[in-house]
Each structure stands twice: as structure tokens, then as C-alpha cells.
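> Got a structure here, written out as C-alpha cells. Questions coming.
Read-outs: derived from the displayed coordinates by stated rules, not from any lab. For clarity, every value in this text was computed on a predicted model and none was experimentally measured. Counting neighbours? That spans all protein chains shown, and the Cβs are built from the backbone with ideal geometry, glycine included.
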Amino acid sequence: MAASWASPIAAAALRAVVPWRRSRILLISPGLQRRWDASSSSSEAGEEQIRLTDSCVRRLLEITEGSEFLRLQVEGGGCSGFQYKFSLDTVINPDDRVFEQGGAKVVVDSDSMAFVKGALVDFSQELIRSSFQVLNNPQAQQGCSCGSSFSIKL
């Protein structure tokens, strides 16, 4: 079926409509659909898990290629004592925890995991910036107004 009309259209321009959870529709390319279909949920339980919002999953599927994933780290610094650091990576270390949702992977090292377990990772688009953010972190006592740094519960 696709061969009759696909030749004049670039493969990147093709769109597939797939059902989205909670009866929503998401338009994605065929390559992203394969990655979505091949995905599995993390088997981690409860508070030891990192959860991803729908917008985070969508953005990661758009920007990652091949074995790339989002790495979440916690570093000392920022105005509240600790800050989140996000980067794209391809190497999974022995002490890393891998969380996968909808084909998107987020990896957290064991040291950082103590500071973010149970948190929600989101992708936010605003007029002044677009960024990944940690929301609802049960390990954080308070954070700065921009949301990039936090202090821990003692």
C-alpha cells in the first residue's frame, strides 16, 4: 500500500497515527512508532522509580537516536545546595539505574538516585525556555524559583 504513494514523499514526512493512552491521539513518524511499539515499562516498584510525563516521553523520542538516552544527575551547587543536570548519553555504567517508559530511557547513577527516587521528570516548553525538569521530588525539601536547584530533606 505504501509503495504506491510513498515514492514522491520523503520517508521523514510520512506520519502514522497511533492510539495514545487515555484515548488521546499522537502523530509520530513510522520510525518513532517502531520505537514506541518495541518499548516496555520499567519493572521497578514504587518509590525507587523515576516516572516520566507524556511530554517528556514525546520529547525524548524526538531528540534521541539509536542507543541515546537522557541522563539525570544531581550535583552540588545552585542556590539551594544541589542542582539537576540533564544530558544525552550512550554509555550505561554498572551502577546506573535505567528507567524506560514508552520507548524513552532515563538513566540515573546510584549516587544521584538517593536524591531523586520517586520523582517525576517532565519536559516543559515556555516562551523563555524549553527544558527537562524534575517535578514532585519526594527527596527535596525546597527548591529555587527556577526549579533547577533544591535542598534535601534531612
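> Taking H placed 1.01 Å from N in the peptide plane, check which residues at least 5 places from Lys105 or on another chain put their amide H under 5 Å from its amide H.
The answer is Leu70.
> Along region 116-126, what does the Karplus equation 6.51 cos²θ - 1.76 cosθ + 1.60 (θ = phi - 60°) give for ³J(HN,Hα), rounded to whole Hz, x for Gly and Pro?
With the stated coefficients, region 116-126 comes to 10, 4, x, 7, 10, 9, 10, 10, 10, 10, 10 Hz.
> Using the basic label-point model (7 angstrom from Cα toward the beta carbon), what is the Ser110 to Glu62 distance in nanometres?
So the two model labels end up 3.6 nm from each other.
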